[in-house]
Amino acid sequence: MLATPEFWVLISFILFMGLLVYLGIPGKVAAMLDERAARIASELDEARKLREEAQALLADYERKRRDAEKEAEAILAQARVEAEAFVVETHQKLAETIERRGRMAEQKIAQAEAQAVKDVRAAAAELAIAAATRIIADEVQGAKADQLVDSSIANLKDRLH
């Protein structure tokens with residue numbers, strides 16, 4: 001058994017393992033593995049935190065986008081309401097302007113008619129006076145003429161006042 005090479009390989013392996021244990025290599029390897037595991041866990045935690053921050057930022061930007069869309073819709077709705085109000089106001093002002101101009105035209109027409117009636121009456125009165133003057137001058141003479149002139153002057157004063 002001492003002469004077999006397998007025996008000496010076993011002895012050298014046990015001695016090598018003993019030397020490794022004596023030098024504390026298993027503890028150092030375990031510490032290195034623990035350190036590496038801790039570093040990996042730290043990186044995973046940091047990655048998780050970054051992912052959460054990214055999700056929070058994404059949610060914040062989505063909320064801001066929704067708010068901006070709602071605000072844009074509100075602005076558009078307000079613009080539509082204002083445009084409709086402007087259209088109604090413009091139609092109302094146009095109708096008022098047309099009605100006012102119609103009334104002004106009617107007033108001008110009424111004034112023109114009244115002036116025409118006055119002009120016709122004045123012309124008729126002048127014509128009647130001229131005709132009456134000719135007739136009276138041709139037919140009435142003397143005391144009768146003086147009496148008619150005096151009564152006409154008296155009647156004229158009453159009609160003018």
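What are the residues in segment 50-103 that are over 13 Å from the mean Cα position of the chain (by Cα) and basic (K, R), if any? Hits for segment 50-103 are R51, R63, K64, R65, R66, K70, K93, R100, R101, R103. Assessment of segment 142-150 against the conditions (on the phi < 0 side of the Ramachandran plot, in contact (Cβ under 8 Å) with a residue 12 or more places away in the chain and over 60 Å from the mean Cα position of the chain (by Cα)) yields at least one matching residue.
Each reported figure results from applying straightforward, stated rules to the coordinates on display, with no laboratory input. Note that this is a predicted model, so its numbers are computed, not measured. A quick note on method: Cβ atoms are made from the backbone with ideal geometry, for glycine too, and the neighbour counts reach across all protein chains shown.
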